[in-house]
1. Restricting attention to the range 27-40, does a residue exist that is in a helix (DSSP H, G or I), among the polar types (S, T, N, Q) and exposed (fewer than 12 other Cβ atoms within 10 Å of the Cβ)?
2. I need every pair where a residue in the range 43-70 that is more than 16 Å from R83 (Cβ to Cβ) has its Cβ under 7 Å from the Cβ of a residue that is of a type in the set (S, T, Y), sequence separation at least 6 or different chains.
3. Considering only residues of the range 46-83 that are in contact with a Pro (Cβ under 7 Å, 6 or more places away or on another chain) and not aliphatic (A, V, I, L, M), which is surrounded by the fewest Cβ atoms within 10 Å (Cβ to Cβ)?
4. Could you please tell me which pairs satisfy a Cβ distance under 8 Å, a separation of 6+ or placement on different chains, a first residue in the range 71-83 that is within 19 Å of W29 (Cα to Cα), and a second residue that is not basic (K, R) and not in a helix (DSSP H, G or I)?
5. Out of all the residues in the range 51-74, is one or more more than 18 Å from the chain's Cα centre (by Cα), at pLDDT 80 or above and of a type in the set (D, E, K, R)?
6. When you check P53 against the structure, is it in a loop (DSSP other than H, G, I, E, B) and in contact with a helix residue (DSSP H, G or I) (Cβ under 9 Å, 6 or more places away or on another chain), yes or no?
Amino acid sequence: MPPPERRETGEQDLLRSRLDQIIDLNIRWSVLGRTVDWNFLEERFGEVYTDDPGRPPLPTRLLAGLAILKHTYDLSDEMLCER
């Protein structure tokens with residue numbers, strides 16, 4: 001079973017600012033985040049998830065995003081974590 005993904009409900013939390021109000025949506029990472037087909041990745045990567053006991057899986061979007069950063073900057077796992 002794949003990990004639960006965070007979904008936009010449209011409701012606003014009065015105690016939190018929305019991310020799109022904090023960051024510049026025109027920077028390249030924001031643009032890339034809007035162009036990636038996250039649903040496709042969730043479906044494809046979800047096929048390899050198992051419900052075995054152990055640590056719960058991380059969200060698919062997080063893992064795919066880290067893989068994109070790792071490839072883009074040619075980083076090792078350790079260097080990626082430091083960044």
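The values are calculated or read from the model by the stated rules, or taken from the named source; none is laboratory data. A quick note: this is a predicted structure, and the numbers were derived from the prediction, not measured. For neighbour counting, all protein chains shown are included, and Cβ atoms are generated from backbone atoms with ideal geometry for every residue, glycine included.
1. Checking the range 27-40: at least one residue is in a helix (DSSP H, G or I), among the polar types (S, T, N, Q) and exposed (fewer than 12 other Cβ atoms within 10 Å of the Cβ).
2. The qualifying pairs are F45/T60; G46/T60; P57/Y49.
3. In this case the residue turns out to be P56.
4. Hits for this filter: R83/L75.
5. Yes, the range 51-74 contains at least one residue that is more than 18 Å from the chain's Cα centre (by Cα), at pLDDT 80 or above and of a type in the set (D, E, K, R).
6. The answer is no for P53.
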